[in-house]
1. Mind checking which helices (runs of 4 or more DSSP H) fall wholly inside region B:111-223 and carry at least 1 residues that are among the β-branched types (Val, Ile, Thr) and buried (at least 18 other Cβ atoms within 10 Å of the Cβ)?
2. Mind checking which residues of region A:223-261 are touching an Asp or Glu at 6+ places or on another chain (Cβ under 9 Å) and among the hydrophobic types (A, V, I, L, M, F, W, C)?
3. Taking the criterion of being surrounded by fewer than 15 Cβ atoms within 10 Å (Cβ to Cβ) and within 12 Å of chain A (Cβ to nearest Cβ), would at least one residue in region B:66-74 satisfy it?
4. Look through A:Leu45, A:Leu27 and report the one residue that is touching a strand residue (DSSP E or B) at 6+ places or on another chain (Cβ under 7 Å), under 15 Å from A:Phe242 (Cβ atoms), within 11 Å of another protein chain (Cβ to nearest Cβ) and at pLDDT 60 or above.
5. Restricted to region B:190-230, and to residues that are touching a Gly at 6+ places or on another chain (Cβ under 9 Å) and among the polar types (S, T, N, Q), which residue is nearest to B:Gly106 (Cα to Cα)?
6. Within region A:196-211, track down each residue that is out of contact with any strand residue (DSSP E or B) (no Cβ under 6 Å at 6 or more places or on another chain) and either modelled with pLDDT under 90 or within 11 Å of A:Phe138 (Cα to Cα) (or both).
7. I want to confirm something. Restricting to region A:59-100 and keeping residues that are over 16 Å from A:Ser145 (Cβ atoms) and surrounded by 24 or more Cβ atoms within 10 Å (Cβ to Cβ), which single residue is nearest to the chain's Cα centre (by Cα)?
8. What's the total number of residues in region A:117-132 that are assigned to a helix (DSSP H, G or I) and either without any contact (Cβ under 8 Å) to a residue 60 or more places away in the chain or not assigned by TED's automatic domain parsing to the domain that holds A:Trp155 (or both)?
Amino acid sequence: MKNFFRLICIFLLLLSFTSIGFSETRLKMSTTTSTEDSGLLKVLLPPFEKANNVRVDVISVGTGKALKLGENGDVDVVLVHSRPAEDKFIADGYGVDRCDVMYNDYIILGPKNDPAKIKETKSAVDALKKIAETKSLFVSRGDDSGTDKKEKAIWKATGIVPQIPWYIEAGQGMGTVLQMANEKNAYTIADRGTFIPFENKIGLIILVEGDKTLFNPYGVIAVNPKKHPGVQYELAKKFVEFVTGPEGQKIIADYKLDGKQLFFPDAKK
Amino acid sequence: MQFLIESFYKAILLVFHLDPEVYQIVWTSIYISFWSTILSASIGIPLGALLALKTFRGKSAVVLLLNTSMALPTVVIGLFCYALLSRMGPLGDFGFLFTPTGMIFGLFILAAPIATNLTVAAIQSLDKRLMLTCKLLGATPVQEFFLIVKEARFAVMAAVVIAFGRVISEVGIAMMLGGNIRGLTRTMTTAIALETSKGEFELGLALGFILMSVAFAINGVIFAIQRGRG
């Protein structure tokens, strides 16, 4: 029995060493849950990794936290979607070389019977006004993510301060919020990329779409090496060039989920 | 019921399909749990013995602090370690954040108080005449330590098993310090959290079944060793 125990220990030790492989260069990128959960990064990253012999470590969190990680210098590059927060990030000197990458759009979802009758409205602002007037349940991300910031901005435009109890702040990711809204037969705002995989699983339907205010642009920003000398700026710059270059843009345009295009490339050359 | 059966079926499929990503995730979990448990045991057991056997000024304060740290939510430990390991923090230059090493560090801080406290309890429940006998026979402190830990080996082993169980089932620290990076720091628990947030409940539950089987297997091995030696 003693020998058996020793054998296991030695076996585990040996196995442990095999997985310590830090020899290759790693680029750390914080990004929003939408890019990771939609599966886009699975096809976008490998060509870049191959060409530069590098591994991209993806930390997918809300936009607020993604930028915070950049501020602290814990990642080399960020890929997020909240233009005002991005501009502040750059103005504060944490980021450089911001580029447009792609866009998709937000949609307002709700139960099929649509108690607030927002399907008749054409603008997001009017839709939220109607939800507030009828005091229909609305689930908010409430997590300072890009989607959350967008939703708050639209509420601000309506001039209404949403009230508890019909306004629910979940403090969770998009997927969880979609499930909550579904269980509670509530309205919510989601990015289209996250909603498509859920479409067949939940009973919520798209009620408002196509409004200009619901436009959702993504930007890529390198973390400023002057603030954080430890970051891999050269590599981050290469990554920015790749995703905004012809190869990266083509991969984004070609990426489809359930036959639907999720992101539309819009890098300016 | 349908849902549970489907998840169970999916778990079996996942295991036998030899999906390399699932194996990688299971392996990362075992790897970081193994090392953080070993580390916390190698610090916690001697420290526990010291606390149980010696009397010194401020001992009760140390015990109180250790007991309190067992009540800390893992997210708080994760945040605390993030502040240490972030580039803005004092240990930032090592670049441990978002690596398995960083996770092992955080999980060690979670598990060390558990190993220490349970060792204290294990040794305090021993027959007091054992310590007296050791002293009478002129044992050096090191000899005394090994004799006493040997005498309390079942309870000490249980301490290690509990620490391991805590570490492998933990999600807050793994998420905060590991960042749930695919192919590097994604563990079974963070993968379950991710799949759940994506609405892939079956896959999440399937991973839960795998986690349970891994914990069962490891505990089985330890159980067999105890019986074999006891």
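1. Passing ranges, in order: B:141-151, B:153-168, B:188-197.
2. Matches in region A:223-261: A:Val223, A:Val231, A:Leu235, A:Ala236, A:Phe239, A:Val240.
3. No, region B:66-74 contains no residue that is surrounded by fewer than 15 Cβ atoms within 10 Å (Cβ to Cβ) and within 12 Å of chain A (Cβ to nearest Cβ).
4. Residue meeting the stated conditions: A:Leu45.
5. Taking the candidates together, the pick is B:Thr190.
6. A:Pro197, A:Phe198, A:Glu199, A:Asn200, A:Lys201, A:Ile202, A:Gly203, A:Gly210, A:Asp211
7. A:Val77
8. 6
The values are calculated or read from the model by the stated rules, or taken from the named source; none is laboratory data. Note that the structure is a prediction, hence the values are computed from the model and not measured. Counting neighbours? That spans all protein chains shown, and the Cβs are built from the backbone with ideal geometry, glycine included.
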